[in-house]
Amino acid sequence: MNETTRRNALKLAAAGGVMAVAGGAAAAQPAGGPAQDMWRAWAVTKGKRPRLRVEGIYSGGGLGTVATLKPAVPQGTIPETLLLNLSLATLPGMWPAVLTPIPVSYTKTPYQGEYTSVQVLYPDGSSRTIEQITDAGAGPKGAAKPK
């Protein structure tokens, strides 16, 4: 059995740590490249409770991260575009630094059809635009009716 010196043990531990970090980063990213955010918006325009719903998957989140959408103040120069601020917060505790897509949503009720598009403003200053709000009419068939 070979005797391992302290120096060699440290080299092996450092190499193992680098491999673990590189392997973790590779596992967090899909084979086709970095994960992409996905956003959609639709409006239920018929019935007693007209509403606008914006949903998305934010790929820059992580374990223990919570995302919220709130209307931006001021709304901007284009009145037909709803501006929403994406805010991130971390839950208390120790969380591994792993990028994980997280869901986020926003609902506006009552909705009068005043918007044609939605722009999500990210914390880093970038933004994503949902070009069209889908009109869902009375909503899906068989959905629970509001009381």
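The values are calculated or read from the model by the stated rules, or taken from the named source; none is laboratory data. All values reported here derive from a predicted model rather than from experimental measurement. A quick note on method: Cβ atoms are made from the backbone with ideal geometry, for glycine too, and the neighbour counts reach across all protein chains shown.
May I ask you to say which residue of TYR106, TYR115 is of a type in the set (Phe, Trp, Tyr) and either within 12 Å of ARG40 (Cβ to Cβ) or free of Cβ contacts under 8 Å to residues at least 40 places away in the same chain (or both)?
Within the list TYR106, TYR115, the selection yields TYR106.
If I filter segment 116-127 for residues that are assigned to a loop (DSSP other than H, G, I, E, B), under 30 Å from ARG49 (Cβ atoms) and touching an Asp or Glu at 6+ places or on another chain (Cβ under 8 Å), do I get at least one hit?
yes
A quick yes/no check of all residues on (1) modelled with pLDDT of 95 or more; (2) touching a Phe, Trp or Tyr at 6+ places or on another chain (Cβ under 6 Å); (3) assigned to a strand (DSSP E or B); (4) closer than 30 Å to TYR115 by Cα:
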residue: ALA25; (1), (2), (3), (4): no, no, no, no
residue: PRO30; (1), (2), (3), (4): no, no, no, no
residue: GLY33; (1), (2), (3), (4): no, no, no, no
residue: LYS48; (1), (2), (3), (4): no, no, no, yes
residue: VAL66; (1), (2), (3), (4): no, no, yes, yes
residue: GLY76; (1), (2), (3), (4): no, no, no, yes
residue: LEU83; (1), (2), (3), (4): yes, no, yes, yes
residue: ALA89; (1), (2), (3), (4): no, no, yes, yes
residue: GLY93; (1), (2), (3), (4): no, no, no, no
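With the structure loaded, tell me whether ALA143 is modelled with pLDDT under 90 and either touching a Ser or Thr at 6+ places or on another chain (Cβ under 9 Å) or in a strand (DSSP E or B) (or both) or whether it fails that test.
For ALA143, the condition - modelled with pLDDT under 90 and either touching a Ser or Thr at 6+ places or on another chain (Cβ under 9 Å) or in a strand (DSSP E or B) (or both) - is not met.
Can you name the number of the only condition in (1) in a strand (DSSP E or B); (2) buried (at least 16 other Cβ atoms within 10 Å of the Cβ); (3) not aromatic (Phe, Trp, Tyr) that THR107 fails?
Condition not satisfied by THR107: (2).
Taking the condition crowded, with 18+ Cβ neighbours inside 10 Å and in a strand (DSSP E or B), does ALA43 pass?
Spelling it out, ALA43 is indeed crowded, with 18+ Cβ neighbours inside 10 Å and in a strand (DSSP E or B).
All but one of (1) surrounded by 14 or more Cβ atoms within 10 Å (Cβ to Cβ); (2) among the small types (Gly, Ala, Ser); (3) on the phi < 0 side of the Ramachandran plot hold for GLY64; which doesn't?
Failed condition: (3).
Would you confirm whether or not segment 80-94 contains a residue that is under 17 Å from ALA43 (Cα atoms) and either exposed (fewer than 11 other Cβ atoms within 10 Å of the Cβ) or among the basic types (Lys, Arg) (or both)?
Scanning segment 80-94, I find at least one residue that is under 17 Å from ALA43 (Cα atoms) and either exposed (fewer than 11 other Cβ atoms within 10 Å of the Cβ) or among the basic types (Lys, Arg) (or both), so the answer is yes.
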